[in-house]
1. How much area per residue is accessible in the chain when the probe is 1.4 Å and only protein heavy atoms are counted (Å²)?
2. At a Förster distance of 22 Å, what's the computed FRET efficiency of Gln320 paired with Gln342, Cβ-Cβ distance as r, to 0.05?
3. What are the extents of the Cα atoms of region 103-163 along their three principal axes, listed from largest to smallest and rounded to whole Å?
4. What is the chain's relative contact order, in percent, from Cα pairs under 8 angstrom and six or more apart in sequence?
5. In whole Hz, with x marking every Gly and Pro, tabulate ³J(HN,Hα) for region 305-317 from phi via Karplus 6.51 cos²θ - 1.76 cosθ + 1.60, θ = phi - 60°.
6. Working out 0.36 nm times the residue gap between Ser264 and Phe306, then minus their Cα-Cα distance, what length gain in nm do you get to one decimal?
7. I'd like to know which of Ile93, Tyr45, Ile112 lies farthest towards the positive end of the charge dipole of region 36-123, counting +1 on Cβ of Lys and Arg and -1 on Cβ of Asp and Glu.
8. On the accessible surface of region 26-89, probed at 1.4 Å, how many percent belong to carbon and sulfur atoms?
Amino acid sequence: MVESASLKEFGYNFCGPLLHTYLSKVLASLDRAPKRVYCLAREGYILQKGLEVINPQLETHYLYASRTFLFRIMLTDQESWPLSLGHGYEGSIRDFFMARFGFTLEQVNQIIPEDELDKEIVVPADMPKLETLVTNNLEKIHSIVEPTKKAYLKYLASVKLTKETAEQAIFLDVGYSGTIQKLLSMLLKSDTNGFYFITTDSSKTAAGEYKANLNFVFKDKVKMGGGYTMLDRSMFMESLFTSPDGQFIDILESPLKDGDFMLSFGKRNFTQHHFEKLSLVFEGALEAVAHFNLHNVEFSVEEIEFLYAQYVSKRNLLPQSTWPLFEFDDAISGFGNVNSMQFFGL
């Protein structure tokens with residue numbers, strides 16, 4: 001009982017103001033230019049819940065998408081390579097293709113020559129080497145990813161997201177460089193629009209030959225390690241704003257019913273195994289959003305920045321019952337599970 005109250009109270013006081021301020025700005029933008037809303041990746045789970053509290057009439061979709069999945073199905077498209085092959089990584093080529101793209105070991109063995117598998121790489125320095133490797137094996141890669149890409153495009157069409165509708169949609173996510181949005185722009189061959197908590201550079205809108213318009217609520221033009229706490233310690237927010245499932249990694253058309261899809265997810269962290277604890281945090285956060293919305297409570301950007309900085313730098317403000325919830329996986333960069341509190345020495 002004490003733990004439940006503690007988790008709900010934490011959700012109300014920490015997550016509630018963050019969510020409310022972000023969603024209020026999103027809804028204000030939709031009042032000016034209505035669009036169909038798609039909440040991206042695992043963070044999109046709670047973003048959609050918050051929108052349903054404030055405006056239940058709004059058409060929203062929790063969109064299954066992840067960098068790993070989109071990197072994989074777009075690997076035959078050279079325009080995506082700066083995003084997928086240029087992101088920092090250290091390790092073997094075998095592990096790189098499994099962690100970055102979600103290929104199985106069997107698939108990697110089909111794609112990459114055996115004498116290349118155990119070679120160590122450091123990205124982005126070794127990006128040219130990876131580009132050559134992919135170019136030389138494009139036919140094999142295409143045979144593996146093309147069926148998945150076709151199934152995913154059918155899934156997107158089932159939620160009314162196509163080349164024709166993408167520009168009239170808006171994608172919601174925490175941030176920061178809009179990678180998923182840019183990959184969706186390339187995949188759908190359309191300009192797109194996104195709204196984020198933080199953006200590293202909202203002027204960098206290029207998505208191949210298309211444009212990914214990036215809007216932000218709290219801060220723009222900030223880099224990791226640059227002293228802006230909401231980005232430097234964003235893993236606290238990322239670990240909490242997650243879904244009951246692990247990372248989305250694959251999709252198949254259902255053989256049982258036309259228009260249905262079978263989804264696959266990656267490994268589950270503590271929060272997925274004990275989602276009942278995170279649900280209490282979300283319950284408190286959504287109560288706060290409803291209360292703030294009902295009574296027209298508003299927070300300035302500076303107030304949210306101050307609130308966030310206090311919580312993520314002072315161990316005594318984080319109830320002990322929340323500590324295991326700050327775990328997340330960073331497999332895409334070659335790391336395993338990371339606990340935010342341990343990482344920052346709280």
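1. Numbers: 15660 Å² over 346 residues.
On a per-residue basis, the chain sits at 45 Å².
2. Efficiency, rounded to the nearest 0.05: 0.95.
3. Per principal axis, max minus min of the Cα coordinates gives 43, 25, 17 Å.
4. Value for the chain: 25 percent.
5. Each residue's phi maps through the Karplus curve to give 4, 5, 4, 4, 4, 5, 5, 8, 10, 10, 4, 5, 7 Hz.
6. Working: separation 42, 0.36 × 42 = 15.12 nm, distance 3.86 nm.
Full extension of this stretch gives 11.3 nm more.
7. Checking the options against the dipole of region 36-123, the answer is Tyr45.
8. Answer for region 26-89 is 45 percent, counting heavy atoms of protein chains only.
The values are calculated or read from the model by the stated rules, or taken from the named source; none is laboratory data. No experiment lies behind these values; they were computed from the predicted model shown. Glycine also receives a Cβ, built like all others from the backbone with ideal geometry; neighbour counts cover every protein chain displayed. Note: areas computed on protein heavy atoms with side chains; ligands, DNA, RNA excluded. Shrake-Rupley method; radii C 1.70, N 1.55, O 1.52, S 1.80 Å.
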